[in-house]
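Beneath this line is the structure, given in structure tokens, with notes to follow.
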Amino acid sequence: MFAQLKKIFGQELVRDGLLEQREPIETLTAALLIELSRSDFSESEVEARAIRQMLRDRFRLDEAALEALMTNAKKRADKATSLHEFTHRLNQELPEAEKLAIVEMLWKVSHADGRIDKHEEHLIQRIAGLLHISDRDRVRLKLKVVVDGSQTGEN
């Protein structure tokens, strides 16, 4: 059948699906953070600043690279139909410590405005599950972020 289709179209069939695209880990991470910031139906400036700062620090980006990453990640988040598009490759390629760091980043964005919205919490729970992060680790990271935030006067 593939040979017949190849003959009809005169070229090699594309077998790569959306999940096999080789998007940079940075773009996938940034897109998840952007999706989270949108999950409470408002994009807060405080959350946007937190995302930018975490991405800059985590991936050691200069301002131009950060702008390019944010632009690409927003476009990617806009066209996404599922969280699997972001988590599939992260889950396959990253060690557990890196996935835990992403979940911690999600909690920090959620708590950047001093509160964790129920929609944000639900989305983090879904993302953590897709990354095969245990409920225990997810809650531990949440408490770490909330306690650290309250100790530094973010509340």
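Any read-out appearing in this document is the output of simple, stated calculations on the displayed coordinates, not a laboratory observation. Values in this document were obtained by computation on a predicted structure and should not be read as measured data. Virtual Cβ from ideal backbone geometry, glycine too; neighbours counted across all protein chains shown.
Observations on the structure shown:
- In the stretch 25-151, the convex hull through the Cα atoms has an average projected area of 7.2 nm², a quarter of its surface area.
- Using Cβ point charges alone (K and R +1, D and E -1), the dipole size of the stretch 25-151 about the Cα centre works out to roughly 180 debye.
- Residue order, fewest to most beta carbons within 10 Å, for 146, 103, 46, 109: 46, 146, 103, 109
- Shape call, the stretch 28-93: gyration tensor on alpha carbons, a/c limit 1.5: oblate
- Of 106, 90, 31, farthest towards positive along the dipole that unit charges on Lys, Arg, Asp, Glu beta carbons give the stretch 25-151: 90
- Fewest-first sequence of 56, 115, 138 by Cβ atoms within 10 Å of each Cβ: 115, 56, 138
- Annotation note: chymotrypsin sites (Phe, Trp or Tyr not before Pro) in the stretch 48-119 located in DSSP loop regions with a Cβ neighbour count of at most 14 within 10 Å are absent.
- Net +/- balance of residues flanking residue 121 in space, Cβ distance below 12 Å, scoring K and R +1, D and E -1: +2
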